1. Search the structure for amide H atoms under 5 Å from the amide H of S52, placed 1.01 Å from N in the peptide plane, and list their residues when 5 or more places away or on another chain.
2. Tell me, what HN-Hα J-couplings in whole Hz come from the Karplus equation 6.51 cos²θ - 1.76 cosθ + 1.60 at θ = phi - 60° for each residue of the range 43-49, using x for Gly and Pro?
3. Could you list which residues have their amide H under 5 Å from that of I84, counting only those 5 or more apart in sequence or on another chain, with H placed in the peptide plane?
4. Under a Cβ-Cβ cut-off of 14 Å, what is the net charge of the residues other than Y21 that fall near it, where Lys and Arg count +1 and Asp and Glu count -1?
5. Using the Karplus equation 6.51 cos²θ - 1.76 cosθ + 1.60 (θ = phi - 60°), what ³J(HN,Hα) coupling, rounded to whole Hz, does each residue of the range 119-136 give in order, writing x for Gly and Pro?
6. Can you work out the Karplus-derived ³J(HN,Hα) for every residue in the range 74-88? Use 6.51 cos²θ - 1.76 cosθ + 1.60 with θ = phi - 60°, whole Hz, and x for glycine or proline.
7. Please find the FRET efficiency linking M182 to L136, where r is the Cβ-Cβ separation and R0 is fixed at 30 Å, and quote it to the nearest 0.05.
8. Placing one identical point scatterer on every Cα of the range 62-195 and ignoring solvent, what is log10 I(q)/I(0) from the Debye formula at q = 0.20, 0.22 Å⁻¹?
Amino acid sequence: MKKILYTLALAAALTSCVGSYNVEGSSSITALDGSKLYLKAIKNNQLKNLDSCEVVHGEFHFSGTLDSVRMASLYMDDESVMPIVLEKGDIVVKIEAGRQIVSGTPLNDSLYVFIEEHNRLSNQMNELSHKQSQMLLDGIDEAAINEQLSVEAAKIASDEDRLVTKFIEANFDNVLGPGVFMMITSQYRYPILTPQIEDLMSKATKVFKEDPYVKNYYKTAQENEQRMNGLEEAPTPPAPPASQQPSARLTTVPQK
């Protein structure tokens, strides 16, 4: 009987988790040596520390068991450096001055193909201000500059919108869909409905709609829409602190 109970207990323990993750990281930024890095994830609507380690001679390491695949973020102090999917396998993180990337497992590989393309478009958008300054120095008429750059900005914005929409649609039923939805919508001062969000929700699967963040965001955004349309009398929710709003890029170079 004891042997049977032990076997059942062992089976329960094995089936309660989907495996273990192992994160091997390296950084070419020498100023990060000695810094403390944290793995953090949303749990019960709160950001929780999952693990921490110190950068030693440009290397760092995290490992642990998983009860499910989850989206997390790598932090230095209170600064989010980059997203990471905690899934079974050996995960490789590289932090360089011009590039931050996670690879080695299927979802991380897919996520960072998307992120690199998104960052490329963000860089193109940021370059427009430098282009404007150079065109002014070249003596080009300001009205002509604004007209040209408006067209270029609209093209970049359209490409970014299409990139995000297609990626989320392709990943409705795994952690990448809700995870990227969270990254993109967290740039807003408070939950709002946009044509892109309405389009996504009209096509979304039940799994995506029932994700806690997606479900709460969409519900709150609908309520805010009603308030703005005068259908409900209630104050607009306050904006989160600026420090909680991410930059257009989805990865950042950590600053010590």
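What follows draws every value from the coordinates through simple rules; no lab data is involved. Treat the numbers as computed from the prediction; the structure is a model and nothing was measured. Positions of Cβ are backbone-derived with ideal geometry, glycine not excepted, and every protein chain shown enters the neighbour counts.
1. So S52 has HN proximity to L39.
2. For the range 43-49, the Karplus curve yields 9, 6, 6, 10, 7, 10, 6 Hz.
3. A72, S73, L74
4. Taking every other residue near Y21 into account, the sum is -3.
5. 5, 4, 5, 4, 5, 4, 5, 5, 5, 4, 5, 5, 5, 4, 4, 5, 5, 5
6. Result, rounded to whole Hz: 8, 10, 10, 6, 9, 9, 6, 8, 6, x, 8, 8, 8, 9, 4.
7. Working from the Cβ atoms, E equals 0.20.
8. -1.25, -1.39
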